[in-house]
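Colleague: So that we are looking at the same thing, I have put the structure below in structure tokens.
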Amino acid sequence: MTLNEHDQRAMDAAYEQAIKSKNEGGIPIGSALMARDGTIVAVGHNERVQSGDPTAHAETVCIRNAGRRRDWHELTLASTLSPCAMCTGTAVLHRIPRVIIGEHETFMGREDWLKGEGVEVVLADDERCIELMRSFIAERPELWDEDIGVPPTE
């Protein structure tokens, strides 16, 4: 899908965060929060490997970085990958009305939950995001499985 200028800015900011995480040796997923006027108010990337915190997914880190706010209901969350249940729950809890998703080919999160709560879900089908996750999963399948809670095979 072709994104409008503001949405593309948010996706670009999220993608930059994904690259940052990859360069730090982490899971290459990034997120950004955007105000209605297109201003990026916070960014974050998956820091689970870097920090040892299993809840440090990109979206939760981004929302944490936004700090205390009263305008959650006016923000758009962009993520390079379809949000998992934990990250979806965080967006739902804060009543974020729009979520832009870079891709959901490599992982389908809880988009059904977002839509069920009335959240507008915009799928970007961003080739950069798809290739980034495909190559990461191929190179580090055990780390990816750990991130999404897949038990090791015996």
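Colleague: What value, in deg cm²/dmol to 500, does the helix sum -39500 (n - 2.57) over DSSP H runs of n ≥ 4 give at 222 nm once divided by the residues of the chain?
Modeller: That calculation yields -12500 deg cm²/dmol at 222 nm.
Colleague: Then there's this: How large is the accessible surface per residue of segment 34-154, computed with a 1.4 Å probe and reported in Å² as a whole number?
Modeller: Per-residue value: 51 Å².
Colleague: Using the C-alpha gyration tensor of segment 78-154, what are the square roots of 5 times its eigenvalues, in whole angstrom, with the largest one first?
Modeller: One finds semi-axes of 24, 16, 8 Å for segment 78-154.
Colleague: Here is a further query. Provide the FRET efficiency to the nearest 0.05 for the E120-R70 pair, computing r from the beta carbons and using R0 = 25 Å.
Modeller: Efficiency, rounded to the nearest 0.05: 0.75.
Colleague: Under a plain spin-label model, where a point goes 7 Å from the Cα along Cα-to-Cβ, how far apart in nm are W113 and D145?
Modeller: That separation, rounded to one decimal, is 2.3 nm.
Colleague: What's log10 of I(q)/I(0) for the chain at q = 0.13, 0.17, 0.19 Å⁻¹, Debye sum over Cα points only, no solvent?
Modeller: Scattering profile of the chain, log10 relative to I(0): -0.51, -0.89, -1.12.
Colleague: Report the calculated FRET efficiency for N23 and T55 (r = Cβ-Cβ distance, R0 = 22 Å), to the nearest 0.05.
Modeller: According to the calculation, E is roughly 0.50.
Colleague: So if each residue of separation counts as 0.36 nm, and I subtract the Cα-Cα distance between T39 and E16, what length gain in nm does that give?
Modeller: Roughly 6.7 nm would be gained on extension.
Colleague: How large, in percent, is the carbon and sulfur part of the accessible surface of the chain at a probe radius of 1.4 Å?
Modeller: Ligands and nucleic acids excluded, carbon and sulfur give 50 percent.
Colleague: Give the percent of DSSP beta bridges with both residues in the chain that are antiparallel, rounded to the nearest 5.
Modeller: The antiparallel proportion sits near 55 percent.
Colleague: Right, here's the next one. Multiplying the sequence separation of T106 and N4 by 0.36 nm and subtracting their Cα-Cα distance, what value in nm do you get?
Modeller: 34.3 nm
Colleague: Then there's this: Taking the Cα centre of segment 17-107 as origin, sum charge times position over the Cβ atoms of Lys and Arg (+1) and Asp and Glu (-1), and report the length of that vector in debye to the nearest 20.
Modeller: Rounded to the nearest 20 debye, it is 280 debye.
Colleague: For segment 74-116, give the magnitude of the charge dipole about the Cα centre (Cβ charges: +1 Lys/Arg, -1 Asp/Glu; no others), in debye to the nearest 20.
Modeller: The dipole magnitude comes to about 180 debye.
The values are calculated or read from the model by the stated rules, or taken from the named source; none is laboratory data. Just so we're clear, the structure is a prediction, and the values are computed from it rather than from any experiment. Because the Cβ atoms are built from the backbone with ideal geometry, glycine has one as well, and the counts that use them run over all protein chains shown. Calculation scope for accessible area: heavy atoms of the full protein, side chains included, ligands and nucleic acids excluded. Shrake-Rupley method; radii C 1.70, N 1.55, O 1.52, S 1.80 Å.
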